[in-house]
Each structure stands twice: as C-alpha cells, then as structure tokens.
1. I want to confirm something. Restricting to the stretch 497-515 and keeping residues that are touching a residue at least 24 places away in the same chain (Cβ under 8 Å) and surrounded by fewer than 20 Cβ atoms within 10 Å (Cβ to Cβ), which single residue is nearest to Ile535 (Cα to Cα)?
2. Going through the stretch 319-347 one residue at a time, which ones are of a type in the set (A, V, I, L, M, F, W, C) and either touching a Leu at 6+ places or on another chain (Cβ under 7 Å) or away from the ligand (no atom under 16 Å from the Cβ) (or both)?
3. Right, Asp283: acidic (Asp, Glu), within 14 Å of the ligand (Cβ to nearest atom) and either in a strand (DSSP E or B) or free of Cβ contacts under 8 Å to residues at least 60 places away in the same chain (or both) or not?
4. Step by step: first the residues of the stretch 274-284, then only those that are out of contact with any Gly (no Cβ under 9 Å at 6 or more places or on another chain) and not hydrophobic (A, V, I, L, M, F, W, C), then the one that is surrounded by the most Cβ atoms within 10 Å (Cβ to Cβ). Which residue is that?
5. Go through (1) buried (at least 20 other Cβ atoms within 10 Å of the Cβ); (2) more than 16 Å from the ligand (Cβ to nearest atom); (3) under 21 Å from the mean Cα position of the chain (by Cα) one by one and return the number of the condition Leu180 breaks.
6. Does Lys206 count as of a type in the set (Lys, Arg) and within 16 Å of the ligand (Cβ to nearest atom)?
7. Filter the stretch 230-243 down to the residues that are away from the ligand (no atom under 16 Å from the Cβ) and within 30 Å of Glu331 (Cα to Cα) and list them by number.
8. Quick check, is Pro168 touching a residue at least 60 places away in the same chain (Cβ under 8 Å), touching a Gly at 6+ places or on another chain (Cβ under 9 Å), closer than 17 Å to Leu239 by Cα and not in a strand (DSSP E or B)?
Amino acid sequence: MTDTLTAAAQRILELRTELDAHNYRYYVLDEPSIPDAEYDRLFRELQALEAEHPELVTPDSPTQRVGGEALSAFGEVRHEVPMLSLGNAFEEEDLRAFDRSVRNGLGLQGGDLFGGGVEVEYSCEPKLDGLAVSLLYRDGKLVRGATRGDGTTGEDISVNVRTIRNVPLKLQGSGWPDVLEVRGEVFMSRAGFERLNASQAEVGGKTFANPRNAAAGSLRQLDSKITASRPLEFCCYGLGQHSAEPAATQVGMLERLKTWGIPISQELKLAKGIEDCLAYYRDIGERRMGLAYDIDGVVFKVNNIEDQQQLGFRARTPHWAIAHKFPAMEELTELLDVEFQVGRTGAVTPVARLKPVKVAGVTVSNATLHNMDEVARLGVMIGDTVIIRRAGDVIPQVMQVVSERRPADARPVDVPQQCPVCGSAVERTQLIKRSKGRETVSEGAVYRCVGRLACAAQLKQAIIHFVSRRAMDIEGLGEKSVEQLVDEGLVGSPADLYTLQFEQIVGLEGFAEVSSRKLLEAIADSKRPTLARFIYALGIPDVGEETAKVLARSLGSLQRVTQALPEVLTYLPDVGLEVAHEIHSFFEDEHNQTVIQHLLERGLQLQDQGELGAEFAASTTLDGLLDKLNITSVAATGAKKVADETIKRLAASGEGKPEQAVRVQHVAELCKDWLSFSVLKGVNEKAKQALRDFFNDDGRFNKAKEIEQQLIDFGMHWSAEKKVLEGLPLAGQTWVLTGSLEVMSRDVAKDKLEALGAKVAGSVSAKTTCVVAGPGAGSKLAKATELNVPVLDEQAFIARLADYGISAE
Ligand code: IVH
C-alpha cells in the first residue's frame, strides 16, 4: 500500500468510528454530543475520501446507510414504500444544477428560440427540523404510526403518535383513499421547547439541547403518558403507500389532505421556475428567526406527480426533490472565559466569552449562561468546547459541553466574592417558598452585589430604566450620557437628575449648549408622571409595566402602594405572594424610601392619585381574606363556609348590618365556640382544628387583624355579595396585537385598549376576546383562526376605537 492510501484508510476508519458513535447518540439515545453542522462536515470528509478511494468503500460505512436503527424496545414496522432522504443544496449553483437535471430528465432542456425553455413548477416547503414519521390511515382511521428508522424498518410508535394533539385519529370529510400513509415531521415549537426545558430543570429532570432532540426524546418514550405531556406537533409533507392518488400535483395533494384534517405547512407555496424557488428561499431565510419553530432549510419538489414518477430515485434520494439548506443555528466553539456582569437589581450573572464563531450568518463571541445553576447543570468549565445555539431573537446560548473534547487544563467557573464593578460583597440570594403559612428557605441560583446604588453598574442600569420611554420618558439621556453622569459623580441616584445644573452638564461629551438645555427641559417636563409610570420607573424586581399599572389602578395612591402588606397586595389581579413580598420589601428598604422621599422633595408630583380602585374595593370578601391567611388544610370552599356562618351568626344576633360589621374577630369567636363550630357542616375536622390553632396563636391572629385593619384603612369593605361594577367599555376583555400596525404603533394601540379597560395579552387562547392583526401576522393569527377568535385588521380596529370616541391619533 502506498503512504497516501494508508493515511486515507486510517482517516476513513477514524471517521467511521466517530460517525458511528454520533449516529448511535443521535438516533438511539436522542442525545447528540456535537451539532449537526459538525456532523455534516465529518460526513462530507468521509464521502470525499471514499470518492477518491472507491476501493475502500464498505457496505457498513455510514455513507451507505440512510439513518437510525430501530430501537428494540418498540415493535418493528416495515415500510412498504421506503422512507428516503433528500439531497442537499448549500449554494445557489447547486440549486440551478438540480433544476437543469430536472429539465433534462423531463426532456425540457432544449428550450424555445429564446433559450429560456419551459419553467418547471416546484412546490416550496419549509424543511422542519424534527423527525420523520409515517401515519397509516385505513378507511379514514389512524391505525399505525412509525418512525423512519433506517428507511426500510422503523419503530412502531402508534400509541405515542395518538397523543399528538394535531394528529387526527379519524379523517374528516370524504373521498380519502382506503389506504393512506401520510408522512411528515413531528417537531416542537421553540416556545414549547423552552417551556419543557424550564419545567424539566425545575424538577431536576433531563433537559434537551434543542427542539429537535426534545421532539425525538419525547416521541420515543416507552411511557406514552410522557409523550402526551410534551408539546409535540405534526406537519405533513408527503405520502407513503396510498390506494388512490389524491391529486395530480404535490401542492394539490397537500391541500386535499388539509381538507381531511391533516396539518400541512402554512408556508406551502407554488413556484414557477427556479428563480421563484430562490426568492422563496431568501424570503423564508429572512423570516427564519421569527418563525415559531426551527427550520434548517427549504425543500423544493417537482410539483407534477407524473413528472416525479418519471424522474425517479437515486439510491437514497429522489431526483425530483432537493433540500436547500440554511446556515446552521448551532456551532462548536471554545469557551475562552466566563465574566460576570452586574444588572439593574444587582444580579451578578455569568457571561460566556467565546472564540468568535459564525452561527447562522452572524459572528458570535458572547453567550448567556443565565445563572450559576445553569453553569452547574451544563457542567461547563473554562477551556471547554461547547455547542452554541442562536434561535429567534434570543441572545446566543451555550447549550451543551462536548465533554470528549475537554482539555486537561480546563478550569472551573467560580463566582467572584466581590462585585467586579464596585468591590462590594457578592451574596447568594435565598429562595423563599411560601405556602399555607409556611416558609421554606433554600439557596437561590442568583448571586447579588449588595452595593445597590453605590454600585456604578446598578446605578447606571437603574437610571437607564428610570428615564426610559415607558418609564419617566426623559428624552436626550442615552446609555452613554447616563454613564458619563454617573462616572463624573454628578448623579448618585435617580433623584439627583432633578438637581442637575446647566453648568454641570454643558461640555460633557455630546452636550453642547442646546442639548444641555433640552435635557434640563426634558427632566423638568417629566415631573408629573402618572402613578403607574412612576412605580414602573422605580425598577422594583419583578414589577413590569403591567404590574405597575395594576398597582396604580387598584391602590390609587403612592402611599397605599408603599404601605401595602404582602397579603393585601395578593388581592390584586396577577400578583402572587412572591411578587407581593418583593414589592413590600422594596418599600420597606430605607435606602429606597430615601430615594422616593428625595424625588418628592425635588418637585415630583404624581398626576393621578386618588381613590382605591372600585373593582379592587369590591373584590374583597371575608372568605377571600380567610383564604389569604393561608391556614393549613383550609381551602377556598372551607373558608367560604366559615365566612357564611359568621355572617349568619352576626345577622341572627341583630348587631347592625352584617355585611359591614363582620370582622375577623367574629370569625375567631365562631371558631373558638366549641359547640357551634363542631356542628358546622362542610368543613372537615382537620381544617377546623387548623382554624382553632390559628386563632389561639396570638401572633397569627394579630397578623390577621393587622391585614384586616389595613384593608379597612384603605377603604375596602366586606361585602357579602359582589357589586356589579359600572366598568369601562372593554373591561374584562383580553385583546392581542400581532403583525405590524401602520397607522399607530403597537405601544399606542395597547395604551388605547387599556384606556378602554381591556387587558392586552401576548398570546392567543380560547379566552382571547379579539385579535388585531397587521401585515406579517403569523402564528397568533393562525391560532386565532383555529380558535374562532374574531380578528380585526387595523382599519377595522380604528373604526372600532372611533365607536368609543377614541381617535387613532
Ligand atoms: S420530503 C423523498 N419534505 O428532511 C422525500 N422532507 O432530509 C423525503 N423534512 O427525512 C422527504 N421537512 O425528516 C421532505 N417538507 C419536507 C421536509 C422533509 C423536513 C425532513 C424529513 C426527511 C429529511 C430528509
């Protein structure tokens, strides 16, 4: 043997061993350790070597096989019509070559006098990144589901596919062939994947590196209950065996299948000629990151089915279809270092510094690591080779460590003891879980710099947030200017903005006379914010704009907001105990109190302080209070019984109007009245004992009275019946805005809807009242149509606003 031949033989063996190992991890374990792009490179290297040395090709080489092995735990299914793969095109030229070979095969190549020839029609479909399955329908009923396996033999996953919500168990309509084998991709949306990983991480379960792995891991579960709990979806792209041809074209066939209830892609298009195909590729390429699911390319298929048959197959791929691939969303790179960044609330978060790598066309050199729990979960060390993923609008993420490639000098990631910005101590936060009056404290994943506004990083972020458009809306203060003001020592808290002098700022970078004057005017103009804006601007952890609005609307005054006890705050819509405690401890903090006091002393006046929100005042009931006291074993129904009984007793005793006079004190009397309480029906023994214990414990009883007193001071009243409110016209409604609006921005549209009393939500559900959809609307619009939620375009929306006397201006 010559030297080059031995070297080639050696490398071929190495590549086969490595690819076999990756194939096993990918197809059998659903746990690949390298990204697809890296696999493709290795695969292509092997293909090239084998092409150079055909004598070294063996039938067991990974290049000679279609795909995965069948998992023995499932039964086997033989595919009557083999499940094949697709050839790949990476460059435009590959695609033109494909078109030429199609035209050749169909005898269209000669062209007319002008050389153009007849254009071939192609169906254009996204190439979903999931896993191929076959669904067999006999007489319109789903009788079998199978994976692709090696293309000839797959696994029987009938029980599992039945749990996929959009797979019809019975076909709709009529006219379907007696035997119809539908093929398509089972996949998971990005949102579904994120949700699944978050809940898996919470219970310490297995998390997945990407939606494809999550889909594969979920579908091939031996326990179909697990599959059922996973957000899987199906999308059909073709047929296997079928006793009759549903249509003469690929697009016609898919559309016919759709009428039988089989889900197909919303992006399906018909192209005339290869230029149309390229335009489709570019269009989807641009929208790719905004789609709800991962796609790794698009697929073009000769549309006419007779033409497909004429063109036929190669060994493992059809001559009539091709996948035009996009750049990979996952790549390998090296973790050079981990740095720690300090955010607005002092959270010290690890950020990965990476050897720059191109991921889906963008060079990535930083990625988020979220928190130290995530670092531990990934088991990542500095020096590791890691998989980076870029998907949607999110910051690139470190998904996985390639542990086989860990260098000997890899270092662990340590949290700094001192804040990298201000040198204050860094403390681990505590996680306090509260339920039924009990608190359990554990160590949190977040580390926090204790420096507060004395930490330049926190101060800068706090001010940037304070002045931002949706907060105090002070124009002319960008990030750079805020940094200067802080670095020059001119601003040490948001309140200092209101004492800035012209002489202090003029001459700073970017501040000439005019801009300095303008900035001071903008600061002065911001002195009369609404209560909601002000609360939002304070930057209370976990209090976004929505919660700030709820606080303002319900409590009506800054004083009530700052004083409210956590239990009282939980009466507010969408405020849970955790957030309630965050709010309460924010206002209890002396430093925060000083900043607020300074702001008020320096002329800040809240525009709209007033009464307690009517809706809120009416929402308090005695049983609601009992429920909020979180007494072990006392559920809402028990609380209601006890409250009703207390009111009855009071009415019978003739002491005033019961709905006004009834108090926690009276509940305590009932609970302590052994005889009457013992015979009370509808409350179990355990709950009764818990109530007695509660009221016998002075500390807890007093706390209950304190909460009650605050509710009364705030102007709430116990009412036996809820009052019907004279609400705003859209009160109680939930609207969703999607797509781009042209006349008004979405922010403006949102404000207008909220002014009419509607809630504006981010996703569509059966509870959505109405969807406003502009051009470019995608999955939300589809969901609305699916759920029969009314949809308005922007013009109709403006007309609707006009009905309520609101202009689009
Ligand atoms: S057609 C003979 N259409 O890509 C035709 N495949 O590389 C075979 N895929 O195994 C497949 N979207 O899992 C086809 N619109 C689409 C597809 C698609 C995703 C997957 C499928 C297949 C693999 C081929």
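1. In this case the residue turns out to be Tyr498.
2. Matches in the stretch 319-347: Trp320, Ala321, Ile322, Ala323, Leu332, Leu335, Leu336, Val338, Phe340, Val342, Ala347.
3. So Asp283 does not fit the description; no.
4. This residue is Tyr280.
5. Looking at each condition in turn, Leu180 falls short on (3).
6. No, not satisfied.
7. Listed by number, the residues that qualify are Arg230, Pro231.
8. yes
The values are calculated or read from the model by the stated rules, or taken from the named source; none is laboratory data. If you're wondering where the values come from, they're calculated on a predicted model, not measured in any experiment. Cβ coordinates were reconstructed from backbone atoms using ideal geometry, including for glycine residues, and neighbour counts include every protein chain displayed.
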